[in-house]
Amino acid sequence: MRAASPDRVDAAGAAWRRGGLETIARSSVGASLTRAHIEDLLDQAEGAAQASFAELTRVLGLRAPEDYVREFALRVEEVGQAWPLPYFALYDGDARVIELNTTLIAEVESHLRAMGREDLVGEGLLRQVAVAHELHHHLCRIPGQPRSLVRRWRERSTAKVRELLEELAAERFSQLLVGIGHAPQDYVQAAAQWVRTRGEGGTSAGGAAGGPPHSGLMWPRP
Ligand SMILES: [Zn+2]
């Protein structure tokens, strides 16, 4: 785990916020939200993620994401299908499983290396970010622990907006927990690029199933 200076945290927060605008734009309710509502959503998500991060690390200390997975009696199940599964990971609360699409993760890592973005790959950074993201969806479903603001917010908004808020919070939380300075949404963008590259490479699958993945990437299972 990395130690983060306050400046670095602020820069990371700004990067997440910029990425969050793309998450909002991709969502089914994005077009209907006012600028003020969007700013409020981002503020709420920031508060929720910070609260979850503070509570989790207060109780269990700062650890690698997959350590918490074991702590919460969840398990990571690796699935190996890059296409047509347009997600890095999925959380299944009933099965207590985080499904990790290791094939897509490996493909996107190769793509990032080819693009000269080794800094986004690091030592399993994408895997950690994907697990941390899904872990936050789990935390949002534990009664009273941690007392995430997302839980309060869930009661006073439309389902689609609540879903979006939870998604933004999961993105910010994953960034805080893994300690990265870039936006987690950079991986979503890289995956979309990879899919486009794949389509242009002559296989029909890239475009056939609706082109680049949109909200499916790192989106919680409904
Ligand atoms: Zn999600």
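Quick note: the coordinates plus some simple rules give every number you see, no bench work behind them. Keep in mind the model is a prediction, meaning the values are calculated, not measured. Note that each Cβ is placed from the backbone with ideal geometry, even for glycine, and that neighbours are counted across all protein chains shown.
Arrange 74, 33, 62 by Cβ neighbour counts within 10 Å, fewest through most, would you?
Numbers: 74 21, 33 17, 62 14.
Ranked by crowding around the Cβ, least crowded first: 62, 33, 74.
Counting every other Cβ atom within 10 Å of each residue's Cβ, 16, 194 order from fewest to most as 194, 16. Express in % the proportion of alpha carbon pairs of the stretch 24-112 at distances exceeding 16 Å. Taking all Cα-Cα pairs of the stretch 24-112, the fraction more than 16 Å apart is 70 percent. Between residue 18 and residue 59, the distance separating the two model label sites (each 7 Å from Cα on the Cα→Cβ line) works out to 3.5 nm.
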